[in-house]
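Here's the structure we're looking at; comments come further down.
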Amino acid sequence: MRLLIMGPPGSGKGTQAVQLAGRFGIPAISTGDIFRANAAEGTALGRRARRYMDAGDYVPDHVTNAMVRARLEDPDCVHGFLLDGYPRTLRQVAALDEALTEPGTALDCAIELVVDQDVLVDRLLRRAQSQGRADDTAQVIRRRQEVYDQQTAPLTNHYAERGILHRIDGDGQVARVAARIAESLAGVPVKVSS
Ligand code: ADP
């Protein structure tokens, strides 16, 4: 199964991604997590990404694309993967398509979590208190939402046109949202990859 999950900051995509990937026995690849881990370790990639993340802006496409491309070549991705937070720009969509041109490697589905704006802000401010993520301040949250609405939300059309978009109501408890996703994916034919 080759999936991706999209959704605005605070939509719960990271939480759902980990659960779903566990169910399918595939790796969950979160670009945000990879950037944060690199920033914490102080690698060159992390130092580069940090200033964009702290401002709520996207890390430049060529940096993100190269990182994802390398990750998808790891052996654990051979039978599938779940991308969490990628692609977020048109250039990333194109780069992903290019990385998946081998027969049998096309995406099976794209999940979009839809959540009301007020609920999102509320969740993120609560997460700020419990997890203390550097980019969960009111000002940076607003910027991340703006960037998502402008650059990423329109990309869902691309996957809708291909007939692989699953729009899921992301409001409510984690288990309820997970059940909605599972129900929606039940009808997806899974390609057998070698
Ligand atoms: P959220 O969706 O809540 O903003 P993430 O953990 O997915 O949280 O991403 C955190 C930050 O990491 C983003 O604001 C951005 O700076 C960077 N980032 C993550 N994924 C990408 C991507 N695909 N392209 C560019 N930047 C990204």
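Here are a few things to note about the model shown:
- Rounded D (µm²/s) - the chain, Kirkwood Rh over Cα pairs, Stokes-Einstein at 20 °C, 1.002 mPa s: 125 µm²/s
- Between A106 and A186, the FRET efficiency from the beta-carbon distance, with R0 = 22 Å, is close to 0.65.
- Contact order, relative form, for the chain: 34 percent (alpha carbon pairs under 8 Å, 6 or more residues apart, mean separation divided by residue count).
- Distant-in-sequence amide H partners of I29 (H built 1.01 Å from N, under 5 Å): L82, L83, D84
- 3J(HN,Hα) couplings calculated from phi for the stretch 89-97 with the Karplus curve 6.51 cos²θ - 1.76 cosθ + 1.60 (θ = phi - 60°) are, in sequence order, 9, 4, 5, 6, 4, 5, 5, 5, 4 Hz; Gly and Pro show x.
- Lys, Arg +1 and Asp, Glu -1 on Cβ, resulting dipole of the chain about Cα centre, debye, nearest 20: 360 debye
- The chain - mean residue ellipticity at 222 nm from DSSP helices (-39,500 (n - 2.57) per run, n ≥ 4, rounded to 500): -15500 deg cm²/dmol
- Extreme residue, positive dipole direction of the stretch 49-194, given options L155, Q129, P189 (C-beta unit charges): Q129
- Choice from P103, P87, P154 with maximal GNM fluctuation in the chain (Cα, 10 Å cutoff): P103
Where a number appears in this text, it was derived from the coordinates with a stated rule and is not lab data. For clarity, every value in this text was computed on a predicted model and none was experimentally measured. When we count neighbours, we look across all protein chains shown, and the Cβ atoms used for this are built from the backbone with ideal geometry, even at glycine.
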